[in-house]
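I have placed the structure first, in the form of C-alpha cells, so that the comments after it can refer back to it.
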Amino acid sequence: HVQLVESGGGLVQAGDSLRLSCTASGRTFNTYFMGWFRQAPGQERDFVAAISWSGGTTYYVDSVKGRFTISGDNAKNTVYLQMNSLKTEDTAVYYCAASYIPRMGAIKYPRGYDYWGQGTQVTVSA
C-alpha cells in the first residue's frame, strides 16, 4: 500500500505564507498525478492544485492562481504547496492525494485519486 504523510499547516494571519509538504511511502512507483484538495466546514472537498509526476505540468483552481505554487520532488516522493498572500477564505483542512491509475478527465475530482493523506489544518485569521 501507499501512505501519505502531510505537514506544514498552522494558524497564520491574512497576507502570510505557509508551505505544505506531503511525502509518500510504500509502493510509490508509477505515480501519474499528485494533488491538493481542501475542505471547509459544511463544504465539499474541493480541488486546489495538481501536478503531473512525469511531465511536471501544473493545474490550479482559479481562486489560487498567482498565490499558490505546487511542486514535486520525484526522488523524495514529495509534493509541496507554497501558499502566499493567504486569505481568510483559504481556511480549511488541506489533503494531499496521489493517483496511480490513469483516468480521463478526473484530475480535479476526488474520484481521480487512489490514496489520501490525513489532512492538515490551515487557519487564516483577519
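Computed quantities for the displayed model
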item: Condition met for THR23 (touching a residue at least 12 places away in the same chain (Cβ under 8 Å), closer than 14 Å to GLY117 by Cα and open to solvent by 40 Å² or more (accessible area, probe 1.4 Å)); result: yes
item: Top-ranked residue in region 29-52 [being open to solvent by less than 50 Å² (accessible area, probe 1.4 Å) and among the small types (Gly, Ala, Ser); ranked as nearest to the chain's Cα centre (by Cα)]; result: GLY35
item: Scan of region 80-105 for residues that are of a type in the set (Gly, Ala, Ser) and open to solvent by 10 Å² or more (accessible area, probe 1.4 Å), ordered by number; result: SER85, GLY105
item: Residues of region 53-72 that turn out to be open to solvent by less than 60 Å² (accessible area, probe 1.4 Å) and at pLDDT below 95, as a count; result: 2
item: Residue in region 82-101 that is farther than 17 Å from ARG38 by Cβ and not small (Gly, Ala, Ser) present; result: yes
item: Restricting region 106-126 to residues that are among the small types (Gly, Ala, Ser) and surrounded by fewer than 20 Cβ atoms within 10 Å (Cβ to Cβ), the residue that is farthest from ARG38 (Cα to Cα); result: ALA126
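The values are calculated or read from the model by the stated rules, or taken from the named source; none is laboratory data. Keep in mind it's a predicted model, so treat the numbers as computed, not measured. Glycine gets a Cβ as well: all are built from the backbone with ideal geometry, and neighbour counts include every protein chain shown. These area figures cover heavy atoms from the full protein model, side chains too; ligands, DNA and RNA do not enter into them. Shrake-Rupley method; radii C 1.70, N 1.55, O 1.52, S 1.80 Å.
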